[in-house]
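What follows is a set of notes on a single structure, which appears directly below.
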Amino acid sequence: FLQESASRSGLQPHLWRQARAAHLALYPNLNAADPTWRELFRDSRFREALSISIDREALSQYLFFGLATPANNTLLPESPLYSEEIASACLGHNVDRANALLDELGLDERDASGTRLLADGRPLELVVETAGEDSEQADVLELIGDDFAKLGFKIHTRPTEREVLRNRIFSGEALMTIWYGLENGVPTADMSPTSFVPVNQYDQPQWPKWGQHFETRGEAGEAPDEPVPVRLLELYGEWRGAADRAGREAAWREILELYAPECYTIGLIANV
């Protein structure tokens with residue numbers, strides 16, 4: 001309406017850009033208390049399968065007037081550290097490949113309703129938890145649920161008060177959550193890369209216990225026991241110890257190259 005009346009009113013509408021890496025993202029909990037789900041979430045093939053099953057263009061059309069762009073919760077083009085390779089990791093819409101990845105993981109048995117079965121016989125079905133503060137998240141999950149259903153994977157949505165949700169994430173009770181993407185999608189080499197490294201319990205629902213271990217210097221939580229997160233922590237140390245911008249940029253670029261293809265978080269759309 002504002003655009004169409006601009007010539008008559010003299011008003012000039014401008015879209016307000018966001019700097020978030022993704023407007024919304026899914027966060028599988030790699031520290032889940034359930035050992036079966038924890039093992040599954042830690043397999044990059046499972047995370048990739050979920051990511052490439054999502055029709056992000058449809059999300060943009062249905063909910064954001066076609067103005068949003070697909071995003072994998074990493075850097076935006078305005079960042080000097082941006083590269084097309086990093087930006088395109090975990091993106092694309094390929095249901096056939098997603099189904100093949102799940103078959104490869106041994107999730108090839110299904111029940112009478114077509115839902116895949118976990119190794120212990122339970123259905124591949126979980127609750128995606130939200131803070132219950134934004135109806136938009138529920139709308140997004142309804143669309144994503146349709147995409148996941150094509151894989152034989154069922155999700156349900158449960159809103160929870162924010163502090164209760166945080167505690168469920170910390171304890172590993174919450175298996176997957178939806179939340180906003182990384183706050184800063186346009187960093188420079190001089191800005192801290194902590195968003196891509198397991199150093200924070202509160203703001204990183206994909207690995208809260210690893211973050212807690214770092215924050216408490218080993219007094220609580222769990223030390224990372226996967227090679228990529230361990231290397232990310234080493235690179236964070238290199239960034240902190242770098243004597244110049246070139247050293248900081250080198251650490252940043254290796255962090256991004258390691259992080260992006262792992263699909264630790266499943267970004268949905270950006271530039272809303």
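The values are calculated or read from the model by the stated rules, or taken from the named source; none is laboratory data. A quick note: this is a predicted structure, and the numbers were derived from the prediction, not measured. Please note: Cβ atoms are built from the backbone with ideal geometry, for glycine as well, and neighbour counts cover all protein chains shown. Surface accessibility is based on the protein's heavy atoms, side chains included, excluding ligands, DNA and RNA. Shrake-Rupley method; radii C 1.70, N 1.55, O 1.52, S 1.80 Å.
Here are some notes:
- A 1.4 Å probe over all protein chains sorts Phe214, Phe1 by accessible area into Phe1, Phe214, starting with the largest.
- Per-q log10 I(q)/I(0), the chain, q = 0.12 Å⁻¹ (Debye; single scatterer per alpha-carbon; no solvent): -0.76
- Every pair of different Cα atoms in the range 94-211 enters the Kirkwood calculation, which places the hydrodynamic radius at 16.3 Å.
- Normalised contact order of the range 23-161, rounded percent, pairs of Cα under 8 Å and 6 or more residues apart: 22 percent
- Computed [θ] at 222 nm, deg cm²/dmol, the chain (DSSP H ≥ 4; -39,500 (n - 2.57); rounded to nearest 500): -12000 deg cm²/dmol
- Fully extending the segment from Arg122 to Asp134, taken as 0.36 nm per residue of separation minus the present Cα-Cα distance, adds 1.2 nm.
- The chymotrypsin sites (Phe, Trp or Tyr not before Pro) of the range 174-208 that meet both conditions, a loop assignment by DSSP and at most 13 other Cβ atoms within 10 Å of the site Cβ, are Tyr202.
- Student exercise, the chain dipole from Lys, Arg, Asp, Glu Cβ charges, in Debye to nearest 20: 380 debye
- Cα gyration tensor shape of the range 154-236, rounded if a/c is under 1.5, else prolate or oblate by comparing a/b with b/c: oblate
- Given charges at Cβ of Lys, Arg, Asp, Glu: the range 1-100 dipole, positive-most of Ala21, Ala100, Thr36: Ala21
- Summarising the label geometry, the points placed 7 Å from Cα in the beta-carbon direction at Ala220 and Thr188 lie 3.6 nm from one another.
- Extension gain, Gln61-Arg253: 0.36 nm per intervening residue step, less the Cα-Cα distance, totals 65.8 nm.
- Over the range 111-203, Cα pairs under 8 Å with separation of 6+ residues give a relative contact order of 31 percent.
- Computed over the range 175-272: relative contact order in percent, which uses C-alpha pairs under 8 Å that are six or more apart: 23 percent
- Residue range of the chain that is longest and free of trypsin sites (Lys or Arg not before Pro) which are both DSSP loop and sparsely packed (at most 15 other C-beta within 10 Å): 18-149
- Placing +1 on the Cβ of every Lys and Arg and -1 on the Cβ of every Asp and Glu, with no other charges, gives the range 2-69 a dipole of roughly 240 debye about its Cα centre.
- Of all beta bridges that DSSP places with both ends in the chain, some 60 percent have antiparallel geometry.
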